[in-house]
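First the structure, in the form of structure tokens, and then the observations on it.
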Amino acid sequence: MGRKSFTVSAVICCGLTLTTVAFGQGQKSPHFRARSFSRSPVNPHRPGMNPGRERFNQLSPEERQAFHRNAERWLRMSPEQQKMLREREQIRRTQMKAEAEVVLRQMGLRLDPAAQGQFESRYMQERRRIERQLRMETEARRQQQLPQLNERLKSEFQPKQGGGGVSDSVTPGTTSPPGSPRY
């Protein structure tokens with residue numbers, strides 16, 4: 001569930017941030033023409049007035065590419081799929097918030113509501129960073145081990161080059177040797 005929930009949350013965050021960025025820039029997307037949104041005007045020259053754009057500008061080029069890919073996937077989804085992902089993301093956020101509260105209690109900290117909100121936000125941010133790093137490490141290890149697996153399977157399933165005659169083994173998709181029973 002961890003990998004799926006992260007993908008879901010990334011897609012949702014990217015979709016929502018892209019919407020914020022697009023509307024903040026005054027761009028009209030063909031995907032949103034049928035909908036009517038009322039937004040107050042945003043001044044892109046005043047800091048803090050467009051947090052979506054500011055967050056987007058802080059992303060690395062790789063993160064921006066991933067953001068665009070996820071946003072495009074989000075826009076291609078049906079409303080039912082989007083609803084399902086929003087629900088999963090809400091469940092994930094609720095679980096993360098509960099985990100942050102447990103950690104806060106275990107640490108023995110007593111914070112006012114504003115500081116507790118900051119703690120939970122930072123906890124979730126760091127958890128996402130750790131999970132992203134673990135996924136990258138796992139993928140790197142997988143890529144290292146795949147060539148060995150491929151060679152092992154190739155040698156296991158490759159027809160034997162015996163005495164030059166017909167092999168007694170049956171390879172998938174071929175017929176049985178003459179005289180062998182058929183089932």
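Any read-out appearing in this document is the output of simple, stated calculations on the displayed coordinates, not a laboratory observation. As the structure is a prediction and not an experimental result, all values here were calculated from the model. Neighbour counts are summed over all protein chains in view; Cβ atoms, including those assigned to glycine, are modelled from backbone coordinates with ideal geometry.
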- In order through the range 113-119: 3J(HN,Hα) via Karplus (6.51 cos²θ - 1.76 cosθ + 1.60), integer Hz, x for Gly, Pro: x, 5, 5, 5, x, 5, 4
- GLU131 versus ALA66, label points 7 Å from Cα toward the beta carbon: distance in nm? 1.2 nm
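Set the Förster radius R0 to 30 Å, insert the Cβ-Cβ distance between VAL103 and GLN58 as r into 1/(1 + (r/R0)^6), and round the FRET efficiency to 0.05.
Efficiency at R0 = 30 Å is approximately 0.70.
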- For the range 78-145, state the average projected area of the convex hull of the C-alpha atoms over all orientations, rounded to one decimal in nm². 6.8 nm²
